[in-house]
Every structure is written in C-alpha cells, then in structure tokens.
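The values are calculated or read from the model by the stated rules, or taken from the named source; none is laboratory data. The structure displayed is predicted, hence computed values, not measured ones. Positions of Cβ are backbone-derived with ideal geometry, glycine not excepted, and every protein chain shown enters the neighbour counts. Accessible surface is based on the protein model in full, side chains and every heavy atom, while ligands, DNA and RNA are left aside. Shrake-Rupley method; radii C 1.70, N 1.55, O 1.52, S 1.80 Å.
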Amino acid sequence: MGRRPDRPRPALPEGSDVRRHTLVPLLALVTLAACTTGEAGTPVGLSTTTTRTQDPAPGSKTSEPSTPSAPASSTELPTDGAPKVKNPVDVSKFANDPCASLPPERAQVLVGTPTGKRTEHPTGAGCRWFNNSPDTFNGSSIDVHFFSQTSKGLTAVYRANKRGEWAYFEPVADINGMPAVTYDKRDNRDIGMCGVDVGMSDTMSIGVITQQSLSKRNRDQACQVAVMVAAEVVKTLKAG
C-alpha cells in the first residue's frame, strides 16, 4: 500500500455501547445479531478494530504516521485481492465535514450523545462521539475516519494483510452495497472494540471504530456492532 498511514486510534475508553438501528434496549446488546436493517451487511467472520499505521513492521504496535504516498490512479486499483467498488460514492462533502456522517438523532440513539468532535490526521479528517456519563452508555464511543489523503481505498488494507500485519483480517458482507473488511494489529474484541473499513470507491475508504460500554463489553458482538454503525454511516453518505 505504498506505506499507507494508519487510521488514528482513539484512546481506549473503558468500554462502549452502541444500540441497535431500531429501538432495542441496551440490555439486549449482548444477544445482538447483525443488528441492521435494509441492506446492511452481516459479518462473514467477526474481527477486530481497525488500526492502520504507516506500514509498521509486522507484529509492532501502532506506529507514528508519516507522509502519505502518492495517490494511485483509479485505473490501477484495486490490487492485492481487494474487491472492486462497483458503484462508487462521492464522499468529498463528508470528508470535509466528517461529523455530518452521523446525524445527531442517530448518534443520540447509538452512543447517547448527539454531538461529535472533529479529529485531524495526516490521512484525513474524522469525527468522534464519546460518552463518559455514568449510565448505560458509560465509556461508549464511535469514531468515523475518512482516508481522503491516501487514495488507496481497501487496497491498502489488503496489501498490508499480505505482509502479515494484522492480528486477524476478515472480509464482511457488503455494507449497504459497499465492500468492507474488519481487521486490526491487536485483538481488542474482548473489551468490546472493533473497527471496519468500507470502500466507497477504489481510491477512497472510510473507517468506523466502535467501543462498547463497560457494562456491555462482549467479544462475540464487538464487530457486529461496528458493522451496524458503519451501515448507518454509509446510509448517510449515500444519501448525500
């Protein structure tokens, strides 16, 4: 992936909780299935949170990002086994305003707080919703990141996988028609954390990381929650 920088990893909160697309009590999160409606994807195999570094050595911790490599032509991608994005979506509007990728009313339902905080990284801008209130959402968070400065799409993740950089790497069923994969250098599913990357075009992907609340940490559900939230984000991006 030509030394592609990693998604900025959020500080590990003490847990997180993301509720179902529809009105499902938080107590039901442990038995959550795909927890999506419509076209949202169901994991082929559960995986963990996404952490892209600037191509660190296999087995290393998340490394510091450096300057992104030169953009690749869309005609050259995808490579390394990455799936082609058949119906690309222009997400430039949201790449410039990442906190608009999750409407306030949905953020309120999913993580208990309607307002996100913009984040900046050499790979692009993102937004973070974090709830540390002493209730059922305690420690829950959602991070959405736009890899607008790397121009590699899902090829970056697949290429790194060939080099053995991920603790695990598992493609999931398309999320609202867009190819996706869960992976990470470290397995944090046991603390309810998982990430998913979604290809919005052959040269553009977004990353979604979710952290379940302290009371709802569940390894088996961590990536199902991430996929569900990613489906919410993709729905917003496709609607423009």
**Q.** 3 or more residues more than 15 Å from the chain's Cα centre (by Cα): qualifying strands (runs of 3 or more DSSP E) within the stretch 98-159
**A.** 117-121
Q | Subset tally (residues that are outside any helix (DSSP H, G or I) and open to solvent by less than 40 Å² (accessible area, probe 1.4 Å)) for the stretch 84-97 | A | 3
(Q) Under 8 Å between Cβ atoms, which residue pairs at least 6 apart in sequence (or on different chains) link something in the stretch 125-139 that is in contact (Cβ under 8 Å) with a residue 40 or more places away in the chain with a partner that is among the basic types (Lys, Arg) and in a loop (DSSP other than H, G, I, E, B)? (A) 126/7
(Q) Against the condition part of a strand (DSSP E or B), open to solvent by 20 Å² or more (accessible area, probe 1.4 Å) and within 22 Å of residue 87 (Cα to Cα), how does residue 171 come out, does it pass? (A) yes
(Q) Quick check on residue 78: is it surrounded by 14 or more Cβ atoms within 10 Å (Cβ to Cβ), at pLDDT 95 or above and either in a loop (DSSP other than H, G, I, E, B) or touching a His at 6+ places or on another chain (Cβ under 6 Å) (or both)? (A) yes
Q: Identify the residue in the stretch 101-138 that is surrounded by 15 or more Cβ atoms within 10 Å (Cβ to Cβ) and of a type in the set (Gly, Ala, Ser) and, among all such residues, is farthest from residue 202 (Cα to Cα).
A: 112
Q) When you scan the stretch 180-221, how many residues do you find that are open to solvent by 10 Å² or more (accessible area, probe 1.4 Å) and either aliphatic (A, V, I, L, M) or in contact with a strand residue (DSSP E or B) (Cβ under 6 Å, 6 or more places away or on another chain) (or both)? A) 3
Q. Within the stretch 145-164, can you find the residues that are hydrophobic (A, V, I, L, M, F, W, C) and touching a Pro at 6+ places or on another chain (Cβ under 6 Å)?
A. 146
